[in-house]
Amino acid sequence: MVLGMSLLDVLLISAALLAVFISLFRRETQILHATAVTLVTVAVLHVFANGLRWQVLPAYLATLLAIGALLNSRRWLSFVLAGFTTAFAGVAVAATWAFPVFKVPEVHGEYAVGTTSVFLTDNTREERYTEEAGDRRRIALRIWYPSDEPSSGQKRKYFEQALVRSKAITTGTPLPWFTFTHLDKISVQSRTDAAIAEGSFPALIYSHGLGIGWSSGNTPLVEHLASHGYIVIGIGHSFIGSSVIFPEGVARFDPATRIAMNTEPPEEIMNIYREVKEIKDPERQLEIYMRAMAMMPISIKGKVDEALQTQINDQQFVLDSLASLASSTVDLGPHINLTKVGLFGMSIGGSAAMITCGDNPACGAVVNMDGFHPDQTQLELRAPSLTLHRSDNLLVKVNFDRAKADAYLLEIKDTTHFNFFDFAMMSPLYQRLGVLGSIDGDAGLEIQREYVTAFFNSYLLGQYSPLLQGDMANKSRHAILNRRKRASADGEATYGRDLCCQGNW
């Protein structure tokens, strides 16, 4: 890939620029006509091989203008058309750089990865986000699992129904509705309805963030985990994520919750937030933060709390449904080891995972990816935990300090909140705008894959992990801080050594 462009993208744009150069300096009719035919051939080949993407539309316009420059007999017009061709070619290059057809990382486990979808209805819960009386809570699951057949099934696209997904993600942002429609051109590593491998596997339940999240929003991570022998269940939390697609329709992000999220708190609360960032003691930070929360308008706080509780209830419902889990083509339940279950999530999904895990005996381990909600500070976690966080999210250290079981705190420097899911690989423009941190997006995601996999391998599979024990020095040049705390036999927490690793990731 060159600047996010495929070889055919490069060929199309280069051919248009070469054509206008020929139109200006070679006026032999035979050469001009032959060049025009060649240019049309390249454009047709591009459409059939790569499909239509909005980023390349300016390149097609550049191609038409270049053909006009070749076939007209007025030299001055050829110069004008050459200028427009160059401009449109430049726009195409910029668009394909800003929103590329990125490559989803390979998996490194011993298994190929299958994927399927399951739709569940919780008949014990009324749907709080709809006005229809009697509506029951519906969730959509995207599930990844180990497969022994690497060629079984078709490779899944990163986005299915990309138009629906793109409209949902861009709602409430400055981006046009079609921005992410090209993501259906990207193949992931998992194959739809591939045959599941023989055996029994640990189950991991994943929850996305609020508003912009979706069930496969950490695709490189969940596929990597499945390749290492896990059945990973991504919950599409209806009306909490950007969009959850059902056979009968789409559950979009709740408008009232969106308004609450986009409403800036009063200036007095913002001043308290600024004060929190200047304090390095997590307990003192929490004290001040809770003061701000007490002042937060209920119209804002209430909607976030409602979403959190809904995610917790959804997670518990999935936990209760594991034994009977099946899609129309893959019977998953018999392959799930109910004694080895973990939870993980990003943002509010991570907070929900920690609260659901709590002292729940069904939870063997939990991972929180940069999530913080005041409710999680009331926990004394009795299951092993790993918290990944950006440098300025110090409040997560409160859970680490209060944990009653092994607890790991992983600071990934040079990140923002959005580095902890797939936005990190979607556009280099986000880094330029400060939406992402200065760390290379793919490198940040790879760090997360390595540590999360090592953590679950250690606590659900009983595999020794040099990474968690600090025996792999020079693992990351981004000053990854891996702190470890173990619970002693009487349940009191004792601190291990701080582990800081630097190197060439």
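The values are calculated or read from the model by the stated rules, or taken from the named source; none is laboratory data. These numbers come from a predicted model, not from an experiment. So basically every Cβ, Gly included, is an ideal-geometry build from the backbone, and we count neighbours across all protein chains shown.
Please tell me if S465 is modelled with pLDDT under 90 and out of contact with any strand residue (DSSP E or B) (no Cβ under 7 Å at 6 or more places or on another chain). It would help to see each step written out before you state the result.
Working: modelled with pLDDT under 90: yes; out of contact with any strand residue (DSSP E or B) (no Cβ under 7 Å at 6 or more places or on another chain): yes.
Considered against the rule, which asks whether it is modelled with pLDDT under 90 and out of contact with any strand residue (DSSP E or B) (no Cβ under 7 Å at 6 or more places or on another chain), S465 comes out as yes.
Do we have any residue at all in the range 247-257 that's of a type in the set (D, E) and within 15 Å of T310 (Cβ to Cβ)? Yes, there is a match, as at least one residue in the range 247-257 is of a type in the set (D, E) and within 15 Å of T310 (Cβ to Cβ).
Taking the conditions exactly as written (within 18 Å of I240 (Cβ to Cβ), of a type in the set (S, T, N, Q), surrounded by fewer than 14 Cβ atoms within 10 Å (Cβ to Cβ) and touching a residue at least 40 places away in the same chain (Cβ under 8 Å)), does N262 satisfy them or not?
Numbers: within 18 Å of I240 (Cβ to Cβ): yes; of a type in the set (S, T, N, Q): yes; surrounded by fewer than 14 Cβ atoms within 10 Å (Cβ to Cβ): yes; touching a residue at least 40 places away in the same chain (Cβ under 8 Å): yes.
Answer is yes for this residue.
Take the residues of the range 147-173 that are touching a helix residue (DSSP H, G or I) at 6+ places or on another chain (Cβ under 6 Å) and surrounded by 17 or more Cβ atoms within 10 Å (Cβ to Cβ): which is nearest to Y111 (Cα to Cα)? Among them, the one singled out is Y158. Here is a check on your reading of the model: is R138 at pLDDT 95 or above and farther than 28 Å from V452 by Cα? The answer is yes for R138.
Take the conditions of a type outside the set (G, A, S), at pLDDT 95 or above and within 20 Å of the chain's Cα centre (by Cα) and apply them to L319. Does it pass? Let's see the steps before the verdict.
Numbers: of a type outside the set (G, A, S): yes; at pLDDT 95 or above: yes; within 20 Å of the chain's Cα centre (by Cα): no.
Taking the combined requirement at face value, the residue does not satisfy it.
Residue-by-condition table, conditions (1) surrounded by fewer than 24 Cβ atoms within 10 Å (Cβ to Cβ); (2) over 21 Å from D314 (Cβ atoms); (3) touching an Asp or Glu at 6+ places or on another chain (Cβ under 8 Å):
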site	(1), (2), (3)
T181	yes, yes, no
Q189	yes, yes, yes
I212	yes, no, no
L225	no, no, no
Y230	no, no, no
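Scan the range 7-44 for residues that are buried (at least 19 other Cβ atoms within 10 Å of the Cβ), aliphatic (A, V, I, L, M) and farther than 30 Å from L183 by Cβ and report the count. Looking only at that region, the number is 5.
Residues being touching a helix residue (DSSP H, G or I) at 6+ places or on another chain (Cβ under 6 Å) and among the basic types (K, R) are represented in the range 390-402 by at least one member. Quick one: in the range 333-375, which of the residues that are of a type in the set (D, E, K, R) and over 15 Å from the mean Cα position of the chain (by Cα) is nearest to H208 (Cα to Cα)? This residue is D375. The criterion of being over 30 Å from I196 (Cα atoms), at pLDDT below 95 and either touching a Leu at 6+ places or on another chain (Cβ under 8 Å) or crowded, with 21+ Cβ neighbours inside 10 Å (or both) does not hold for G4.
Table: residues versus (1) in a loop (DSSP other than H, G, I, E, B); (2) closer than 30 Å to P58 by Cβ; (3) basic (K, R).
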position	(1), (2), (3)
T124	no, no, no
R128	yes, no, yes
E131	yes, no, no
Y145	no, no, no
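Here's the yes/no breakdown for (1) of a type in the set (S, T, N, Q); (2) under 23 Å from E278 (Cβ atoms):
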| residue | (1), (2) |
| --- | --- |
| D401 | no, yes |
| D406 | no, no |
| L409 | no, yes |
| F420 | no, no |
| P428 | no, no |
| I439 | no, no |
| A443 | no, no |
| Q448 | yes, no |
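When residues in the range 93-145 are screened for being among the basic types (K, R) and free of Cβ contacts under 8 Å to residues at least 60 places away in the same chain, 1 of them pass. Of all the residues in the range 436-452, those that are surrounded by fewer than 22 Cβ atoms within 10 Å (Cβ to Cβ) and part of a loop (DSSP other than H, G, I, E, B) number 2. Consider the range 332-356 and keep the residues that are free of Cβ contacts under 8 Å to residues at least 60 places away in the same chain and either among the charged types (D, E, K, R) or touching an Asp or Glu at 6+ places or on another chain (Cβ under 8 Å) (or both). The one that is surrounded by the fewest Cβ atoms within 10 Å (Cβ to Cβ) is I355. Consider L386 carefully, then state whether it is of a type in the set (A, V, I, L, M, F, W, C), within 22 Å of L183 (Cα to Cα), surrounded by 22 or more Cβ atoms within 10 Å (Cβ to Cβ) and touching a helix residue (DSSP H, G or I) at 6+ places or on another chain (Cβ under 8 Å). In short, no.
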